[in-house]
Amino acid sequence: MIIERITLREIQIPLVSAFETSFGATIRRRILLVEVLGEGAVGWGEVTAGETPFYNEENTDTAWIILKDFAIPRLLDTPLISAAAATPCFQQIRGHHMATGGLEAALWDWESRLSGRPLFDLLGGTRREIPCGVSIGIQKSVEELLRKIRVEVAAGYQRVKIKIKPGWDVDVLERVRQEFPSLRLMADANGAYTLADQEHLKLLDRFYLMMLEQPLAYDDLLDHARLQQALETPICLDESIRTVRTAEQAMAIGACRIVNIKLGRVGGHRNARQIHDCCQEANVPVWCGGMLESGIGRAHNIALSTLPNFVLPGDVSASKRYWQQDIITPEAEVTPQGTILVPESPGFGYKVNRERIEQLTVRQETFP
Ligand code: OSB
Ligand code: MG
């Protein structure tokens, strides 16, 4: 596979409503898009780094530098036989998975378009329809949260995740459970607690949540294992799972019973597949997390979610929950059953709206 050029773009695009987690609020996204061109086809990827280094160490600007100075030069220097073969050429770069993962994803889209196959099929996916959930941020009031949940339940989503933090947890979940006793419900703390909060976190068991996501520090495994011992609610790890090694270690010590796989956080499709397989062998179910992606990242998440061990609804939801107008056509839509039908045309299966991307672009650079 001969790469002619790679274009890096930053687009800026406002969310339809602010998204608040325990580490802060986002109202406007700064998203890096990667376009790979060669042999008459193009492939697109999205870097899922946030605007701030508060979820992990990366942000939009660090990802730009890593891609420009390290990942892209290495890739252009290495003969490539497949998208899967690109991962070793990023191996020397420690961390910065969202940067390299966005580039790797573009290569997969490119390879699948070159070979005329849908991306999900090239990845080894088996599902034609994926189950969808929503992630709802911290709100100004519990009433506001309940209103949002009503809307998503009416839309058919198969589970609801709410964001929690100290001061926005037990009382909020109490009210949600009062109104929605049989809703498939979960909570995500984004690392806002410590093991000293164990007794408090045990109060969450009474809400029979599907899982509690990343209650403790973003880089912790051992305390999660201790907490899991004390909790009935299954722990799901997000931030802490960065490599197949951390996934193995987490499962070996019982730090979680469920794993959230994010394409960016683990550095692309090949690594995601490896973690997926390792979880499957350990009988640990996985689901696909979200990072407020544009349509391009979303399309990759949809393809990833077709792998067999993605048995739980992911944070992969309709474009219109995020954007007034997405950068793909058609936009990602959810059926009344709370599923997304996986597109079957070559690549990730959506058209990229170049005109819309041009309008939103604030900087771009082409390599070599
Ligand atoms: O922890 O899953 C998370 C968004 C930004 C950063 C971290 C997370 C999230 C979400 C949103 O939960 C998921 C989505 O709807 O894209
Ligand atoms: Mg999370």
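Can you tell me which residues in segment 325-368 are among the small types (Gly, Ala, Ser) and farther than 15 Å from Glu129 by Cα?
Gly347
Any chance you could count how many residues in segment 257-278 are within 15 Å of Glu213 (Cβ to Cβ) and in contact with a strand residue (DSSP E or B) (Cβ under 9 Å, 6 or more places away or on another chain)?
Matching residues across segment 257-278 total 6.
Suppose the filter is closer than 21 Å to His200 by Cβ, open to solvent by 10 Å² or more (accessible area, probe 1.4 Å), small (Gly, Ala, Ser) and out of contact with any Leu (no Cβ under 7 Å at 6 or more places or on another chain); does Ala252 pass it?
no
Out of the residues in segment 261-291 meeting the condition of being within 8 Å of the chain's Cα centre (by Cα), open to solvent by 10 Å² or more (accessible area, probe 1.4 Å) and hydrophobic (A, V, I, L, M, F, W, C), tell me which one is nearest to Ile327 (Cα to Cα).
Among those that are within 8 Å of the chain's Cα centre (by Cα), open to solvent by 10 Å² or more (accessible area, probe 1.4 Å) and hydrophobic (A, V, I, L, M, F, W, C), it is Met291.
Going residue by residue through segment 140-161, is there one that turns out to be within 16 Å of ligand 2 (Cβ to nearest atom), basic (Lys, Arg) and in contact (Cβ under 8 Å) with a residue 60 or more places away in the chain?
Taking every residue of segment 140-161 in turn, at least one turns out to be within 16 Å of ligand 2 (Cβ to nearest atom), basic (Lys, Arg) and in contact (Cβ under 8 Å) with a residue 60 or more places away in the chain.
Buried (at least 21 other Cβ atoms within 10 Å of the Cβ), in the same structural domain as Lys140 (by TED's automatic domain parsing) and over 21 Å from the mean Cα position of the chain (by Cα) - does that describe any residue in segment 195-206?
yes
If you go through segment 215-226 one residue at a time, do you hit one that is at pLDDT 95 or above, open to solvent by 30 Å² or more (accessible area, probe 1.4 Å), within 21 Å of Pro131 (Cβ to Cβ) and in contact with a helix residue (DSSP H, G or I) (Cβ under 9 Å, 6 or more places away or on another chain)?
no
Determine, yes or no, whether Ala252 is free of Cβ contacts under 8 Å to residues at least 12 places away in the same chain and hydrophobic (A, V, I, L, M, F, W, C).
In short, yes.
Restricting to segment 77-98, give me the number of residues that are over 18 Å from Arg5 (Cβ atoms) and among the aliphatic types (A, V, I, L, M).
Number satisfying all stated conditions: 5.
The values are calculated or read from the model by the stated rules, or taken from the named source; none is laboratory data. No experiment lies behind these values; they were computed from the predicted model shown. Positions of Cβ are generated from backbone atoms using ideal geometry, with glycine treated the same way; all protein chains shown enter the neighbour counts. To get the accessible areas, we keep the full protein, side chains included, count just its heavy atoms, and leave off ligands, DNA and RNA. Shrake-Rupley method; radii C 1.70, N 1.55, O 1.52, S 1.80 Å.
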